[in-house]
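Everything below concerns the one structure shown next.
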Amino acid sequence: MTSSSRVRYQGLFPVVPTPFTETGELDLDSQKRCVDFMIDAGSNGLCILANFSEQFLLSDEEREVLTRTVLEHVDGRVPVIVTTTHFSTDVCVARSRCAQEQGAAMLMVMPPYHGATFRVPEPQIHEFYARLSDAVAIPIMVQDAPAAGTPLSAAFLARMAKEIEHVAYFKIETAGAAAKLRELIRLGGDAIEGPWDGEEAITLVPDLDAGATGAMTGGGFPDGIRPILDAWRAGRRDEAIAGYERWLPLINIENRQCGPLAAKSLMKEGGVIACEAPRHPFPAIHPAARALLIETAKRLDAQVLRWAR
């Protein structure tokens, strides 16, 4: 249900990567510099502990440390979305309450899933989000992502938006995202406070055409994406499309070649963070893909490569 009294979040909310040391520990100094860069580069808000944050490699204790560290360091400069996904309703509720108490602006939650085959049907998904909504007082973003392997029809998402108080934002990353966004907006009406684009902006323009009001991208080049969204919101469609066409090669390399580690490679190259290594067993970027990533970012004069100089 839409609440007319609360802020409606729009714009660019990139995913914050999680820097590790060479031996795999959290690097909180690099984490803070990463956040500062992303804010300086134009992010309207941030999202932490998402899949592009390598959240699947973090312990529960590390999640708490990162949530506290980032929210304290941001200190209200921009709103922060905290990902609290878990198969267990009770664990997700506990994570979400903790994030809310520490100052999260919104929660991002995938439907319950585990491994390749453990799924629950729609009644349990609906109850999962309903129980979560009852336990918190901030908006919930449903992350509709291929990683969950859980079919979420536009009709079902719209019904949850209408029936569950805090379920109001939807990050659509599945195939045919623009068509799904259009149908979601048509069916959900005012209950859809935030129809959002995801998947590193690879489908950004079609999704904006479909009515997306927010974008959750990788964290390496907010300075490239933010002007596209600003121009679009101001009605300067040609300018937005020209900007998108300019940055699309880098978006493509991130989305199709480098994945979750792209932002960290860019940040390491520019001196924002000390180490770009993933945590074992996640594989490093292939050197050739990394070289193309950096070459393309240099051609665009991406701020990440000069912010710390």
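The values are calculated or read from the model by the stated rules, or taken from the named source; none is laboratory data. This is a predicted model, so every value here is computed, not measured. Reconstructed Cβ throughout: ideal geometry from the backbone, glycine too, with neighbour counts over all protein chains shown. We work out accessible area using only protein heavy atoms, side chains counted, and drop any ligands, DNA or RNA first. Shrake-Rupley method; radii C 1.70, N 1.55, O 1.52, S 1.80 Å.
Tabulated values for the structure
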| item | result |
| --- | --- |
| Peptide ranges 117-127, 66-76, 259-269 listed from the most packed, as the mean C-beta count within 10 angstrom indicates | 259-269, 66-76, 117-127 |
| Two-decimal ratio, the stretch 154-309, of alpha-carbon radius of gyration to 2.2 N^0.38 Å | 1.15 |
| Cut-off 17 Å, label 7 Å out along Cα→Cβ of residue 308, residues of the stretch 6-35 by amide N | 16-35 |
| The stretch 95-229 - percent of accessible surface contributed by carbon and sulfur, probe 1.4 Å | 54 percent |
| Antiparallel %, DSSP beta bridges [both residues in the chain], to 5 | 10 percent |
| The stretch 185-309, relative contact order in percent, only Cα pairs under 8 angstrom and at least six apart counted | 22 percent |
| Dipole moment magnitude, nearest 20 debye, the stretch 80-213 about Cα centre, only Lys, Arg, Asp, Glu C-beta charged | 220 debye |
| Difference of contour (0.36 nm per residue) and Cα-Cα distance, residue 300 to residue 116 | 62.3 nm |
| In the stretch 46-115, chymotrypsin sites (Phe, Trp or Tyr not before Pro) in a DSSP loop with at most 16 other beta-carbon atoms within 10 Å | 87 |
| At 0.692 mPa s and 37 °C, Stokes diffusion of the stretch 258-309 via Kirkwood alpha-carbon radius, µm² per second | 294 µm²/s |
| Magnitude of the charge dipole, the stretch 199-293, Cβ model with Lys/Arg +1 and Asp/Glu -1, debye to 20 | 260 debye |
| The stretch 29-166, Cα convex hull volume normalised per residue, Å³ | 114 Å³ |
| Cβ-Cβ FRET estimate between residue 36 and residue 61, R0 fixed at 22 Å, reported to 0.05 | 0.35 |
| Rg/Rg_ref, the chain, where Rg_ref = 2.2 N^0.38 Å and atoms are Cα | 0.94 |
| Partner lysines for residue 268 [C-alpha distance under 22 Å; skip if fewer than 8 residues away on the same chain] | 32, 298 |
| Extension reserve of the residue 134-residue 257 stretch, reckoned as 0.36 nm per residue once the Cα distance is removed | 40.3 nm |
| Furthest towards positive pole of dipole, 250, 229, 260, structure part the stretch 221-265, Cβ charges | 260 |
| Extended-chain gain in nm, criterion 0.36 nm per residue less alpha-carbon gap, residue 162 and residue 147 | 2.9 nm |
| Computed [θ] at 222 nm, helices only, for the chain once each DSSP H run of length n ≥ 4 contributes -39500 (n - 2.57) | -13500 deg cm²/dmol |
| Relative contact order of the chain, defined on C-alpha pairs under 8 angstrom at six or more residues apart (%) | 21 percent |
| Solvent-accessible heavy-atom area per residue, rounded to whole Å², over the stretch 157-309 at 1.4 Å | 41 Å² |
